[in-house]
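Down below is the structure, laid out as structure tokens.
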Amino acid sequence: MNYIVFDLEWNQPISKNSAIYKKIGKALNCELIQIGAVKLDEKKRMIASFNQYIAPSFYKKLNPRISKITGISQKELDSAPSFEKAFSNFISWCGNDSALISWGADDIQVLAKNMSLFPVNKNIPNCFDAQNHFSHLMQTGKNRLSLRNAMSIYDINPSPDHEFHNAVDDAYYTALVIQKLGDMSELKE
């Protein structure tokens, strides 16, 4: 079995008063614009990575705040494939025998919302929340530790080659933390 450590970046409407947000905002308040992932084998060795920008279908203009946080440009999105194609590419890359892992539940929820609005294959691997598992191991109660905090606890230093808030780079950092965790069966519980 492979573990697919994934991270997502998404666009938001520039204004909640926009016509499109008023029309679909309750169903989709965050539209995916990047899928990043790192594939770990059964021994948690990194064996591949995936990076795909996505052309937004609803919130077509990139929110300047999102661009500033992620470093993603409108030009990168304009030349990217649709969500349907990008998601199909991702699921094909994941392979048949895999489990998805994210840092936190937000990515899983945003992915589910995007999947519900687009005609895509709904059969995805099981998803697990590494942040919840890590916080449980660290006995933080209901407090969830950030990825940066987890990296600090494990003495994982950020690299200038891997920027935070870039989906594939955040997946890389999450994979480094996961490599430090114990038996993966505990995460699945």
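Counting the residues of the range 7-51 that are more than 18 Å from the chain's Cα centre (by Cα), among the basic types (Lys, Arg) and open to solvent by less than 70 Å² (accessible area, probe 1.4 Å) gives 1.
Note on the range 162-178: residues that are open to solvent by 30 Å² or more (accessible area, probe 1.4 Å) and either closer than 14 Å to Leu100 by Cα or modelled with pLDDT under 95 (or both) amount to 5. Looking at Asp161, Asp169, just one residue is under 21 Å from Ile47 (Cα atoms), acidic (Asp, Glu) and in a helix (DSSP H, G or I), and that residue is Asp169.
Yes/no matrix, rows are residues, columns are (1) closer than 10 Å to Ile33 by Cα; (2) over 16 Å from the mean Cα position of the chain (by Cα); (3) open to solvent by 50 Å² or more (accessible area, probe 1.4 Å):
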residue: Ile69; (1), (2), (3): no, no, yes
residue: Ser73; (1), (2), (3): no, yes, no
residue: Ala86; (1), (2), (3): yes, no, no
residue: Ile91; (1), (2), (3): no, no, no
residue: Gly95; (1), (2), (3): no, yes, no
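Of all residues in the range 134-153, those satisfying the criterion of being of a type outside the set (S, T, N, Q), loosely packed, with under 14 Cβ neighbours inside 10 Å and assigned to a loop (DSSP other than H, G, I, E, B) are Gly141, Lys142.
Residues that are of a type outside the set (A, V, I, L, M, F, W, C), out of contact with any strand residue (DSSP E or B) (no Cβ under 8 Å at 6 or more places or on another chain) and modelled with pLDDT of 85 or more are absent from the range 121-130 altogether.
Conditions (1) in contact with a strand residue (DSSP E or B) (Cβ under 9 Å, 6 or more places away or on another chain); (2) among the charged types (D, E, K, R); (3) over 18 Å from Asn123 (Cβ atoms); (4) touching a residue at least 40 places away in the same chain (Cβ under 8 Å), marked per residue:
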| position | (1), (2), (3), (4) |
| --- | --- |
| Lys23 | no, yes, yes, no |
| Leu28 | no, no, yes, yes |
| Val38 | yes, no, yes, yes |
| Ile47 | yes, no, yes, yes |
| Pro56 | yes, no, yes, yes |
| Ile69 | yes, no, yes, yes |
| Ile72 | yes, no, yes, yes |
| Asp78 | no, yes, yes, no |
| Ser98 | yes, no, no, yes |
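Just to be sure I understand, how many residues within the range 112-133 are of a type in the set (A, V, I, L, M, F, W, C), without any contact (Cβ under 8 Å) to a residue 40 or more places away in the chain and surrounded by fewer than 16 Cβ atoms within 10 Å (Cβ to Cβ)? Qualifying residue count for the region: 1.
The values are calculated or read from the model by the stated rules, or taken from the named source; none is laboratory data. Predicted model, so just to flag it, every value in this text is computed and none were measured. Quick reminder, even Gly has a Cβ in these numbers, built from the backbone with ideal geometry, and neighbours come from all protein chains shown. For the accessible areas, the whole protein counts, side chains as well, though only heavy atoms, and no ligand, DNA or RNA atoms are used. Shrake-Rupley method; radii C 1.70, N 1.55, O 1.52, S 1.80 Å.
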